[in-house]
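The structure follows.
The values are calculated or read from the model by the stated rules, or taken from the named source; none is laboratory data. Everything numeric here is computed off the predicted structure, so don't read it as measured data. So basically every Cβ, Gly included, is an ideal-geometry build from the backbone, and we count neighbours across all protein chains shown.
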Amino acid sequence: MRIRDSVAIVTGASSGIGAATAEGLARRGATVIACARRLDKLEQVVARCTRDAPRSRAFQVDLAEPDAGEELVRRTVEELGSVDIVVNNAGISLRRHAADATKVEIEHVMQVNFFAAVAVTMAALPGMLERRRGSIVNVTSVAGYIPNPHESAYGASKAALSLWSHGLAVDLADSGVHVGVLSPGPIDTEIWEKDEEEAAYDGKLYPPSLVADGIAQMIETEKVHATVPKQYGLVGAFYPLVGGLMRKGLVAFQRRAEEQGRAAKRPPSGRGGEVA
């Protein structure tokens, strides 16, 4: 699908992958509606977008609100006439042992990471189908295919978004509307610092621009699925085949990380919490 002269909604666009995607689409000639809660950061992103796409603008939106997705699309159509591209990137994490997470917390993760994407998509879809033109890219995660320690709710939300997107792609075949799933590996974004618990992963983090380029390519070639970086797709593919072995490895890895964390917090005297 052609990006130039399109109207593109990008959620979670105040930083990280969303900001890089908004700016990347603007450079390719799309008018970008950058959406997030933090208006000050959004306006900085849009200021960069307008260098290439002058009609781009910032919409302050809290996608945790039930009607926010529909309102976002309605306002975009009202001000710019159509929605041609949707990049559902907004997401939050919940880094906590599964037994310690509350039902309310899990529902909040599912609302932002899954149901908000559904709401924006379903609001934009009728217009796309009528014009027989459109592209919807849902940003999931490798964590939706491989269970990461203390990220069960986040992984579940991304797994739901992935499978729903693939089902949507099947149902919309030959409709003129493209649906793609972009699954990032470890990307250098704010999400690593948002939780009280530290992430178990401490390896290399890749730049958000890598994902933004992957999203643009996905739209232009109408690819259905991609993992960025590519090598992380192999891990997700193998998990269903050797899940038991990988699960044992993940458990052992988490135990070592917890032991190291406890050791780092232990007073040098080795006398518990006492102070001499």
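Could you tell me how many of the residues in the range 93-110 are part of a loop (DSSP other than H, G, I, E, B) and surrounded by 12 or more Cβ atoms within 10 Å (Cβ to Cβ)?
7
Results for (1) among the hydrophobic types (A, V, I, L, M, F, W, C); (2) within 22 Å of ILE106 (Cβ to Cβ), shown as yes or no for each residue.
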position: SER135; (1), (2): no, no
position: PRO147; (1), (2): no, yes
position: HIS150; (1), (2): no, yes
position: SER157; (1), (2): no, yes
position: LEU163; (1), (2): yes, yes
position: ALA169; (1), (2): yes, no
position: VAL177; (1), (2): yes, no
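Could you please find all residues in the range 117-168 being assigned to a helix (DSSP H, G or I), of a type in the set (A, V, I, L, M, F, W, C) and in contact with a Ser or Thr (Cβ under 7 Å, 6 or more places away or on another chain)?
The answer is VAL120, LEU129, VAL142, LEU161.
Looking at ALA116, is it crowded, with 22+ Cβ neighbours inside 10 Å and at pLDDT below 95?
no
While we're looking at this one, here's another question. For residues in the range 1-23 being among the polar types (S, T, N, Q) and within 30 Å of ASP174 (Cα to Cα), which is surrounded by the most Cβ atoms within 10 Å (Cβ to Cβ)?
Applying the filter and picking the extreme gives THR21.
Still on this structure: Would you check if there is a residue in the range 11-27 being basic (Lys, Arg), under 18 Å from ALA216 (Cα atoms), touching a helix residue (DSSP H, G or I) at 6+ places or on another chain (Cβ under 8 Å) and touching a residue at least 12 places away in the same chain (Cβ under 8 Å)? Please lay out each step first, then the result.
Taking the range 11-27 as the starting set, the residues that turn out to be basic (Lys, Arg) are 27.
Next cut, under 18 Å from ALA216 (Cα atoms) only: 27.
Checking which are touching a helix residue (DSSP H, G or I) at 6+ places or on another chain (Cβ under 8 Å) leaves us with none.
No, there is no match, as no residue in the range 11-27 is basic (Lys, Arg), under 18 Å from ALA216 (Cα atoms), touching a helix residue (DSSP H, G or I) at 6+ places or on another chain (Cβ under 8 Å) and touching a residue at least 12 places away in the same chain (Cβ under 8 Å).
Can you tell me which of ALA47, ALA26, ALA53 is buried (at least 18 other Cβ atoms within 10 Å of the Cβ), more than 17 Å from GLY180 (Cβ to Cβ) and more than 21 Å from the chain's Cα centre (by Cα)?
One residue alone meets the criteria, ALA53.
Given the criterion of a type in the set (Gly, Ala, Ser), within 16 Å of GLY69 (Cα to Cα) and touching a Lys or Arg at 6+ places or on another chain (Cβ under 9 Å), identify the matching residue among ALA30, ALA34.
ALA34
With the structure loaded, tell me whether ALA173 is without any contact (Cβ under 8 Å) to a residue 24 or more places away in the chain and either buried (at least 22 other Cβ atoms within 10 Å of the Cβ) or within 17 Å of GLY16 (Cβ to Cβ) (or both) or whether it fails that test.
So ALA173 fails the test.
Name the strands (runs of 3 or more DSSP E) wholly within the range 17-92 that hold at least 3 residues that are closer than 22 Å to MET1 by Cβ and of a type in the set (A, V, I, L, M, F, W, C)?
31-36, 85-88
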